[in-house]
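Participant: Provided herewith is a single structure, encoded as structure tokens, for subsequent inquiry.
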Amino acid sequence: MRTPVVAGNWKMNKTAAEAAAFVDEVSPLIVGSSGREVIIAPTFPALAATVAAARGSNIRVSAQNLHWEASGAYTGEVSAGMLVEIGCTHVIIGHSERRQYFGENDGTVHLKTLAALDAGLTPIVCVGETLEQREAGNTEAVLTEQFTAGVGALQPEQFAELILAYEPVWAIGTGRTATPEIAEAAHREIRALAAECFGETTAGNVRILYGGSVKPSNFTGLLGCPNIDGGLVGGASLDPQSFAALVRA
Ligand code: 13P
């Protein structure tokens, strides 16, 4: 049985004070929503305030990125150990915005995933095709490449610790959600890749989140699909009412 996950990726939004206020507002709204993992990923400067505000609630705090080295001359970067020290439990790795704007690739996804696991952080590893790739009929090939090069070489016990997210790039921030049928087909494909690399049992246990224009109005339909285990939500996670509605979905 896979526990559903609702994860809010705030991207470059909310100050530390705004993040803490959000947690204070959302916590009472989701009291009693058991059987769900609830995660918020604020910006680096807001992490500590979010962790403090979330203490005593069932909200876990994720970073949006990390560096794979423990320390060193990497101006502007943050290591896994530093995130653990301030109370982060998760980290998003390989988001398409990181791939598109900051040169992240399957190789860095692999290194970052290993570093996160070594430090005891749960990686939320993102894969997904662009519109161009989908229209060219390359979705399966892209997912295979991203999966194989990013996480395919982990040890099975390492893979068992992570969360995957399927985020079709054409659905991110566009209001154009993948239909449950399209999303489910991709999730099924990703789970089949996991089964090839790590066996049926491990593949059957890994959570695969859908991301891309998730809203309270479309989330239930997506969650109804057998291979969709939750959402990685951008825009709709920024408002406490809408985030709470997603958690209660
Ligand atoms: P939106 O929900 O705003 O489309 O963003 C999705 C996303 O990129 C989550 O990581």
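Read-outs throughout are calculated quantities, based only on the coordinates presented, and are distinct from any laboratory measurement. The structure displayed is predicted, hence computed values, not measured ones. FYI the Cβ positions are ideal-geometry reconstructions off the backbone, even for glycines, and counts take in every protein chain you see.
Participant: Per residue, how big is the convex hull around the C-alpha atoms of segment 101-162? Give it to me in cubic angstrom, could you?
Facilitator: Details: hull volume 5.3 nm³, N = 62.
Hull volume over Cα atoms, normalised by residue count, gives 85 Å³.
Participant: Running Debye on the chain with equal point scatterers at the Cα sites and no solvent, what base-10 log of I(q)/I(0) appears at q = 0.11, 0.12 Å⁻¹?
Facilitator: -0.52, -0.63
Participant: May I ask for the longest run of the chain untouched by trypsin sites (Lys or Arg not before Pro) that are loop-located per DSSP and have at most 15 neighbouring C-beta atoms (other than their own) within 10 Å? Each step should come with its number before you reach the end.
Facilitator: Values: sites that count: ARG2, ARG55, ARG176.
Between exposed loop sites, the widest span is 56-175.
Participant: Could you tell me whether segment 198-244 comes out rounded, prolate or oblate from its Cα gyration tensor? Rule is a ≥ b ≥ c as square roots of the eigenvalues, rounded for a/c under 1.5, then prolate if a/b exceeds b/c, otherwise oblate.
Facilitator: Working: a/c = 3.29, a/b = 2.33, b/c = 1.41.
Judged from the Cα gyration tensor, segment 198-244 comes out prolate (a/c at least 1.5, a/b above b/c).
Participant: Right, here's the next one. With the dipole of the chain worked out from charges on the C-beta (+1 for Lys and Arg, -1 for Asp and Glu) around the Cα centre, which of ASN218, VAL206, GLY72 lies farthest toward the positive end?
Facilitator: With unit charges placed on the Cβ atoms, the residue in question is ASN218.
Participant: From Cα pairs below 8 angstrom and at least 6 apart in sequence, can you work out the relative contact order of segment 180-229, rounded to a whole percent?
Facilitator: 48 percent
Participant: Kirkwood Rh, segment 164-217, all Cα pairs: how many Å?
Facilitator: Values: mean 1/r = 0.0852 Å⁻¹.
Taking the inverse mean of 1/r over all distinct Cα pairs, segment 164-217 comes out at 11.7 Å.
Participant: Ok, one more. Which residues make up the longest stretch of the chain clear of GluC sites (Glu not before Pro) that lie in a DSSP loop with no more than 16 other Cβ atoms within 10 Å, not counting the sites? It would help to have the intermediate numbers written out before the result.
Facilitator: Working: sites that count: GLU69, GLU77, GLU161.
Answer - 162-249.
Participant: For a quick check: with amide H placed at 1.01 Å from N, whose amide H comes under 5 Å from VAL233's, ignoring anything fewer than 5 positions away on the same chain?
Facilitator: ALA7, GLY8, ASN9
Participant: Around ALA165, which amide H atoms from residues at least 5 apart in sequence, or from another chain, sit under 5 Å from its own amide H, with H modelled in the peptide plane?
Facilitator: When sequence neighbours closer than 5 places are left aside, the close amide H contacts are VAL125, CYS126, VAL127, LEU209.
Participant: What is the Cα radius of gyration of segment 5-87 over 2.2 N^0.38 Å, N being its residue count? Numbers along the way, then the final one.
Facilitator: Working: Rg = 13.4 Å, N = 83, 2.2 N^0.38 = 11.8 Å.
Relative to the 2.2 N^0.38 Å estimate, segment 5-87 comes out at 1.14.
Participant: Work from the charge dipole of the chain (Cβ charges, +1 for Lys and Arg, -1 for Asp and Glu, about the Cα centre) and give the residue of LEU83, THR139, CYS197 farthest towards its positive end.
Facilitator: Ranked along the dipole, the leading option is LEU83.
Participant: Nothing charged except the Cβ atoms of Lys and Arg (+1) and of Asp and Glu (-1): what's the magnitude of the dipole of segment 54-146 about its Cα centre? Round to the nearest 20 debye. Write down the numbers at each step before the final one.
Facilitator: Numbers: 6 positive and 12 negative charges, 91 e Å.
My answer is approximately 440 debye.
Participant: Something else about it: With only alpha-carbon pairs counted, each pair once and no self-pairs, how large is the Kirkwood hydrodynamic radius of segment 124-210 in angstroms? Don't jump to the answer; show the numbers that get you there.
Facilitator: Working: mean 1/r = 0.0765 Å⁻¹.
This gives a value of 13.1 Å.
Participant: Using modelled backbone amide H atoms (1.01 Å from N, in-plane), which distant-in-sequence or interchain residues come within less than 5 Å of ILE92's amide H?
Facilitator: ALA63, GLN64, ASN65, ILE124
Participant: Counting other Cβ atoms within 10 Å, which chymotrypsin sites (Phe, Trp or Tyr not before Pro) in segment 15-95 have at most 15 and lie in a DSSP loop? Walk me through the numbers before you get to the answer.
Facilitator: Values: sites: PHE22, TRP68, TYR74; in loops: TRP68, TYR74.
Within segment 15-95, the qualifying chymotrypsin sites (Phe, Trp or Tyr not before Pro) (loop, at most 15 other Cβ atoms within 10 Å) are TYR74.
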